[in-house]
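The values are calculated or read from the model by the stated rules, or taken from the named source; none is laboratory data. Here the structure is a predicted model, which means the values were calculated and not measured. Here the Cβ is made from the backbone with ideal geometry for all residues, glycine too, and neighbour counts use every protein chain on show. Areas reflect the complete protein model, heavy atoms only, side chains present, ligands, DNA and RNA absent. Shrake-Rupley method; radii C 1.70, N 1.55, O 1.52, S 1.80 Å.
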Amino acid sequence: MNLKQLLHHFTKELIEIYNEQEIISIFNISVEHISGFNRNQLMLKGDAVLEDVKLNEYLKTLARLKTGEPLQYIIGDTVFYGLIFKVNSSVLIPRPETEELVEWIIEKCKREQFNGSILDIGTGSGCIAISLKKNLNSFAVSAIDVSEGALAIANENALLNNAGVNFIHADILDFESAEKYDVIVSNPPYITMEEQKTMHKNVLENEPHLALFVSDEKPLIFYQAIAEFALSNLKDNGLLFFEINEHLGKETVQMLADKSFVNIELKKDIQGKDRMILASRMKLRNDSF
């Protein structure tokens, strides 16, 4: 069997799970991982007969894909903001919309021309914290997560990308600290249990629910806790960034306004969905620090 025939086989076996464009993308990534060919090389070598060892690797990958397991977990890594990140079932697979959040933070920090400190809350794979450190090297970057498994992967990714990030094992719902930060960012769990019903099977059965879901009754529980933490732990005029549930943009903005945050911006992602929020901590008259 050659690679062209193998693509046809992948398409036939996976068409009930993914659409054709998704299958082509999955196949191209698999080829680069297993055979080391980029897309141009694949076009040139598509007729070459595969060695049995390589063919078996492809078939094992296909068998796991048919169960709904994400390709990123199968090959063990993914690309985020131009960097390689190891991933496994302890962490979410980084999404493109989160890259847009990272880009917004970098642009804002560079435009304001200040240095300082950043805290990433619910870091998962470390993709936000590490990407920020690589692009804002003068900033001191810390990150917290409640999951020890996630922190193990995040530490590996920091070493892999030569990024100095201080990781902290903590639950933001009861975390207290005397540290003050210039920027706090979070992409916390925000998918409601009602929304879970419409999600893709491969996400539900493979990615960590701890990092995904909140109750229908308290969909903003993490945003409220992080906002309260930010009131005490952001420096004067410090910046708070969130990735948000696209259906709860107005509610999240109102919650921040009710807590006296100012200069609140609701930003859409490339698909036109309400996806990110920026707010500033206003200095209060009775602040003693």
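Consider LEU173 against the criteria (1) among the aliphatic types (A, V, I, L, M); (2) open to solvent by 20 Å² or more (accessible area, probe 1.4 Å); (3) within 15 Å of the chain's Cα centre (by Cα): it satisfies all of them except one. Which criterion is unmet?
Failed condition: (3).
Looking at segment 119-144 only, could you name the residues that are under 11 Å from PHE167 (Cα atoms) and open to solvent by 20 Å² or more (accessible area, probe 1.4 Å)?
Once the filter is applied, which keeps residues that are under 11 Å from PHE167 (Cα atoms) and open to solvent by 20 Å² or more (accessible area, probe 1.4 Å), segment 119-144 yields only GLY122.
When segment 13-36 is examined, which residues are found to be exposed (fewer than 13 other Cβ atoms within 10 Å of the Cβ) and part of a loop (DSSP other than H, G, I, E, B)?
Hits for segment 13-36 are ILE15, GLU16, ASN19, GLY36.
Run GLY68 past the list (1) on the phi < 0 side of the Ramachandran plot; (2) at pLDDT below 95 and report the number of the one that doesn't hold.
(1)
Residues GLU217, GLU251, GLU228, GLU246: which one is open to solvent by 50 Å² or more (accessible area, probe 1.4 Å), at pLDDT 80 or above and in contact with a strand residue (DSSP E or B) (Cβ under 7 Å, 6 or more places away or on another chain)?
Of GLU217, GLU251, GLU228, GLU246, the one residue that is open to solvent by 50 Å² or more (accessible area, probe 1.4 Å), at pLDDT 80 or above and in contact with a strand residue (DSSP E or B) (Cβ under 7 Å, 6 or more places away or on another chain) is GLU246.
Name the single residue that is most open to solvent (accessible area, probe 1.4 Å) among those in segment 61-118 being under 25 Å from ILE226 (Cα atoms) and in a strand (DSSP E or B).
Restricting to residues being under 25 Å from ILE226 (Cα atoms) and in a strand (DSSP E or B), the top hit is SER117.
Sort through LYS86, LYS60, LYS66, LYS54 and tell me the only one that's more than 23 Å from ILE168 (Cα to Cα), among the charged types (D, E, K, R) and within 25 Å of the chain's Cα centre (by Cα).
After ruling out the rest, the residue left standing is LYS66.
Within segment 67-78, how many residues turn out to be β-branched (Val, Ile, Thr) and either touching a Lys or Arg at 6+ places or on another chain (Cβ under 7 Å) or within 15 Å of GLY124 (Cα to Cα) (or both)?
Total meeting the criteria: 2.
Sort out for me the helices (runs of 4 or more DSSP H) sitting completely within segment 201-276 that have 2 or more residues that are among the charged types (D, E, K, R).
249-258
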